[in-house]
Amino acid sequence: MPKLTDTQTIILSRAATRPGTLAMPLPEGLHGAAAQKAVAAMITRGWLEEVDADLRRGEPLWRETGDGHGTTLIATEAGLEAIGVEPLAASAVASARKAEPHADAEAASTTEANDTPKPVAIRGGTKQAQIIALLQRLEGASIAEIVEVTGWLAHSVRGLISGGLKKKLGLPISAEKVEGRGTVYKLTA
């Protein structure tokens, strides 16, 4: 694992918990030249990426481009790897969010005012990350296969799939009966 400063660790850790791995706003007290230097170093290492900000969704700006638009910062897969968040699981969450259809601007702004973003953090090497990796396989995974890998009871696996992955993380998981395997769950992106 690369050596990170405390500031870099804080920025990437917060980004891992935000929808879309948004790195903004920066930690309190990090302003001006210090913020510019920290972000420039992280962009150079490939841990952060500067992207167009979606002002309709209220994304905080990193800098204004001068043409009425602005940019924001997001953590890359390399940045998440640097703090120990498994990139496979992080990319599954990011791709699932990109696949969600968004309503028109008025409907989106009213629902966003009512809904607070849910923090998402998937650490590498966890059981949750292992289950997401199993569900991403082409053949998917049955409850029995997941129980064998994790050592959990079947009801715990079903609870994680329905409550943790579907509801909390919003991942599109499908289920189908397969002869000889039972119900097989797949993460459809």
Checklist entry - Under the condition of being in contact (Cβ under 8 Å) with a residue 12 or more places away in the chain and among the hydroxyl-bearing types (Ser, Thr, Tyr), which residue from the stretch 151-187 is nearest to LEU135 (Cα to Cα)? => result TYR185
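Applying the selection to the stretch 163-184, what residues are at pLDDT 85 or above, closer than 18 Å to THR126 by Cβ and surrounded by 13 or more Cβ atoms within 10 Å (Cβ to Cβ)?
The initial filter retains those residues of the stretch 163-184 that are at pLDDT 85 or above, namely 163, 172-184.
Narrowing the set further to residues that are closer than 18 Å to THR126 by Cβ leaves 163, 173.
ILE173 - this is the single residue of the stretch 163-184 that is at pLDDT 85 or above, closer than 18 Å to THR126 by Cβ and surrounded by 13 or more Cβ atoms within 10 Å (Cβ to Cβ).
For ARG56, are the conditions met, namely being charged (D, E, K, R), under 22 Å from the mean Cα position of the chain (by Cα) and surrounded by fewer than 18 Cβ atoms within 10 Å (Cβ to Cβ)? Steps first, please.
On the way: charged (D, E, K, R): yes; under 22 Å from the mean Cα position of the chain (by Cα): yes; surrounded by fewer than 18 Cβ atoms within 10 Å (Cβ to Cβ): yes.
The answer is yes for ARG56.
Per-residue answers, yes or no, for (1) crowded, with 19+ Cβ neighbours inside 10 Å; (2) under 11 Å from ILE74 (Cβ atoms); (3) under 14 Å from the mean Cα position of the chain (by Cα):
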residue	(1), (2), (3)
GLN8	yes, no, no
SER13	no, no, yes
PRO19	no, yes, yes
LYS37	no, no, no
ALA41	no, no, no
GLY46	no, no, no
Item to check | From THR9, THR111, THR71, residue being hydroxyl-bearing (Ser, Thr, Tyr), part of a helix (DSSP H, G or I) and either at pLDDT 80 or above or within 28 Å of LEU134 (Cβ to Cβ) (or both) | outcome: THR9
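Yes/no per residue for (1) more than 17 Å from VAL85 (Cα to Cα); (2) in contact (Cβ under 8 Å) with a residue 24 or more places away in the chain:
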residue: ASP6; (1), (2): no, no
residue: THR21; (1), (2): no, yes
residue: MET24; (1), (2): yes, yes
residue: GLU28; (1), (2): yes, no
residue: ALA33; (1), (2): yes, no
residue: GLN36; (1), (2): yes, no
residue: VAL39; (1), (2): yes, yes
residue: GLY46; (1), (2): no, yes
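The values are calculated or read from the model by the stated rules, or taken from the named source; none is laboratory data. It should be emphasised that the depicted structure is a prediction, and the values quoted were computed from it without experimental measurement. Cβ coordinates were reconstructed from backbone atoms using ideal geometry, including for glycine residues, and neighbour counts include every protein chain displayed.
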